[in-house]
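Okay, structure first, notes after.
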Amino acid sequence: MALLFRLFFLLLQLGLSFAICPIGTIQGVDPENCYKFHGTLTDFDSAHIQCILDGGNLASISSTFINDFISKTVLTSLFHSTMTWIGGKRNETDWTWTDGKPFSYKNWAKDPACTTCWGWTDGTEVTYTNWLSYDPNITGSSCVDMLSSGSPYYGGKNVWENGYWSCTSQLASICKQAPICNCR
């Protein structure tokens, strides 16, 4: 234990920064974020509440790197699950993330209908998306799930969908939260 403290203080003195994630979470590609993968199958609202109780929100995704990291980690962390809730939610006229961040990353159909109708449950702006070719489906669900790379669906592509499942479908989920310490 003393060795760990010495290493910790040495890293601080060298000016290196690192994050310490809460127990049960893993650090993402961005050290500002930690992720918890819940294998227990729940509906969207229950998954969102569980993430809040864990100290975070359902995951918002702002880049291809984060999308790929989550997709690959789902397959290694949740062996049985290829479909998981992420924090995208459609409001009346906007897409939102549950954490309030902008929905700026998009990877859905080339000509999506109502691209402004979705958002992350954390409030993140929708700036990146990864929809199936026929999604987002305005008449479909108001909640977004991720199909992981290598899944038996849609040729194993890593995509998002909202048309097939309802928000009451029982799926695994991915939470995102801040680290305990962003040590510098």
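The values are calculated or read from the model by the stated rules, or taken from the named source; none is laboratory data. Nothing here was measured: the structure is a model prediction, and the numbers come from that model. Note: ideal-geometry Cβ built from the backbone for every residue, glycine included; neighbour counts use all protein chains shown.
Residue-wise test of (1) modelled with pLDDT under 60; (2) in contact with a helix residue (DSSP H, G or I) (Cβ under 6 Å, 6 or more places away or on another chain); (3) on the phi < 0 side of the Ramachandran plot; (4) among the basic types (Lys, Arg).
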position: 8; (1), (2), (3), (4): yes, no, yes, no
position: 12; (1), (2), (3), (4): yes, no, yes, no
position: 16; (1), (2), (3), (4): yes, no, yes, no
position: 24; (1), (2), (3), (4): no, no, no, no
position: 29; (1), (2), (3), (4): no, yes, yes, no
position: 35; (1), (2), (3), (4): no, no, yes, no
position: 42; (1), (2), (3), (4): no, no, yes, no
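Looking for something hydrophobic (A, V, I, L, M, F, W, C), modelled with pLDDT under 90 and surrounded by 22 or more Cβ atoms within 10 Å (Cβ to Cβ) - is there at least one such residue anywhere in the range 71-78? Scanning the range 71-78 turns up at least one residue that is hydrophobic (A, V, I, L, M, F, W, C), modelled with pLDDT under 90 and surrounded by 22 or more Cβ atoms within 10 Å (Cβ to Cβ).
Here the condition is being surrounded by fewer than 23 Cβ atoms within 10 Å (Cβ to Cβ), among the polar types (S, T, N, Q) and either under 14 Å from residue 60 (Cα atoms) or at pLDDT below 70 (or both); of 129, 93, 98, it holds for 93 alone.
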